[in-house]
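Read through the structure below, which is laid out as structure tokens, and then see the notes.
All of the numbers you see were taken from the coordinates with simple rules; none came from a lab. Computed from a prediction, not measured in an experiment: that's the story for all the values here. Cβ placement follows ideal geometry from the backbone for every residue including glycine, while neighbour counts extend to all protein chains displayed.
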């Protein structure tokens with residue numbers, strides 16, 4: 001006959017220490033999950049801000065500096081379109097490019113969202129601590 005060794009029942013102190021360790025590990029993992037989800041949203045928000053900043057910069061400099069050069073190129077010393085039409089064409093082209101950049105920026109901003117999985121798991125922690133998991 002084999003004799004089974006007696007198992008010691010864990011003490012209250014040991015159970016509390018184990019629960020504390022498990023709770024600490026759980027909280028660290030939840031924070032890690034929230035950070036990883038927020039990183040994606042922050043990156044998308046940063047890209048959206050960059051697109052909108054690029055659009056504003058393009059409108060400011062391009063309209064002032066390049067419009068004159070392109071308009072005179074279209075005018076071509078009087079052999080092309082009238083000068084006022086040349087300036088309107090250049091203006092329309094820059095507005096179109098800026099609108100595309102704004103559209104890209106807004107599309108990136110729409111990707112920003114809350115860390116949904118971390119929030120859902122965080123809501124379950126009180127139930128788990130009460131033994132209702």
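Largest GNM mean-square fluctuation among 113, 29, 17, using the chain with Cα springs under 10 Å: 17. Once the Cα atoms of helix 116-129 and of the chain are each reduced to a long axis, what angle between those two axes, in degrees from 0 to 90 to the nearest 10, is obtained? Here the helix axis deviates by roughly 20 degrees. Overall, the ratio between the Cα radius of gyration of the range 1-106 and 2.2 N^0.38 Å, rounded to two decimals, is 2.56. Counting neighbouring Cβ atoms within 10 Å and putting the fewest first, the residues 64, 89 line up as 64, 89.
Counting pairs of alpha carbon atoms under 8 Å apart in space and at least six apart in sequence, what relative contact order in percent does the chain give?
After rounding, I find 36 percent.
Helix 83-109 axis versus longest C-alpha principal axis of the chain: approximately 0°, rounded to the nearest ten.
Only helices enter the 222 nm calculation for the chain: every DSSP H run of n ≥ 4 contributes -39,500 (n - 2.57), and dividing by all residues gives -26500 deg cm²/dmol, rounded to 500. Look at where the Cα atoms of the range 90-116 and of the range 20-89 average out, and the two centres are 7 Å apart. Counting only alpha carbon atoms, the long axis of helix 12-61 and the longest principal axis of the chain meet at about 0°.
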